[in-house]
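The values are calculated or read from the model by the stated rules, or taken from the named source; none is laboratory data. From a predicted model like this one, the values you see are computed outputs, not experimental measurements. Virtual Cβ from ideal backbone geometry, glycine too; neighbours counted across all protein chains shown. Remember, those area values only see protein heavy atoms, side chains included, never the ligands or the DNA or RNA. Shrake-Rupley method; radii C 1.70, N 1.55, O 1.52, S 1.80 Å.
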Amino acid sequence: MSTTQSERLRELLAPLVSARELDLEEVEVTPAGKRRVLRVVVDGDQGVSLDECAELSREVSQRLDDTDVMGGAPYVLEVTSPGADRPLTRHRHYVRATGRLIKAQLAEGGELLARITAVDEEGLDLEVPGVKGRKPTTRRLAFDEIKKARVEIEFNRKAADKAADESQEEA
């Protein structure tokens with residue numbers, strides 16, 4: 001039997017999240033004045049819609065009301081997705097980020113900005129953007145070579161895709 005509140009919450013909520021074919025990424029209880037905030041972070045292969053978060057929030061609220069896991073003190077429930085720029089820490093995070101631009105801090109030092117083209121059990125296949133008009137290059141990066149990584153937000157992704165398509169047509 002779990003002893004910490006977070007572990008009990010995770011055990012209680014995991015079946016609700018799994019039933020929706022989502023992953024329970026994080027369960028966090030933090031103080032906020034006289035209340036507490038219970039933040040439940042979920043994600044899925046296709047992301048998580050606002051409607052899915054709202055429906056899951058109602059189910060989680062009902063489940064919490066049916067138990068005493070949160071105790072008698074008031075709390076605020078937040079059911080959310082991890083956000084676009086969250087750290088990539090698990091294999092499934094990299095799989096979901098396929099096609100996206102990432103910034104990785106390398107274990108050997110330095111940083112790498114590249115687009116994930118494929119993911120397997122050992123690591124990533126990447127496309128490293130060309131510098132000063134040069135063509136992009138490919139690179140293989142094993143998971144143990146990555147110290148930290150996160151998705152880079154691209155505001156002009158369509159232009160980047162168009163440029164990539166044009167460079168492929170020229171090849």
Multiplying the sequence separation of Glu111 and Asp45 by 0.36 nm and subtracting their Cα-Cα distance, what value in nm do you get?
21.1 nm
Check Ala149: other-chain or 5+ apart residues with amide H under 5 Å from its amide H, H built from backbone geometry?
Leu88, Gln105
Could you tell me the convex hull volume per residue, in Å³, taken over the Cα atoms of the stretch 1-72?
100 Å³
Which value, in Å², gives the accessible area per residue of the chain when a 1.4 Å probe is used on the protein heavy atoms?
64 Å²
What is the gain in length, in nm to one decimal, between Asp144 and Ser6 on full extension, counting 0.36 nm per residue of separation less the C-alpha to C-alpha distance?
46.8 nm
Residues Glu21 and Asp66, FRET efficiency given R0 of 25 Å [Cβ-Cβ distance, rounded to 0.05]
0.60
For the chain, calculated [θ]222 nm from helices alone, where every DSSP H run of n ≥ 4 adds -39500 (n - 2.57):
-9500 deg cm²/dmol
If you place +1 on the Cβ of every Lys and Arg and -1 on the Cβ of every Asp and Glu, how big does the dipole about the Cα centre of the chain come out, in debye to the nearest 20?
680 debye
Accessible surface ranking that places the most exposed of Phe155, Phe143 first, with a 1.4 angstrom probe:
Phe155, Phe143
Given the candidates Leu77, Leu113, His93, the one whose Cα lies deepest towards the positive end of the charge dipole of the stretch 71-123, counting +1 at each Lys or Arg C-beta and -1 at each Asp or Glu C-beta, is Leu77
Unit charges on C-beta of K, R, D, E only; dipole of the stretch 106-161, Debye:
440 debye
Here the tail fraction of P(r) beyond 19 Å, over all Cα-Cα pairs of the stretch 12-171, rounds in percent to 63 percent
Using a probe of 1.4 angstrom, how much of the accessible area of the chain is carbon and sulfur, in percent?
47 percent
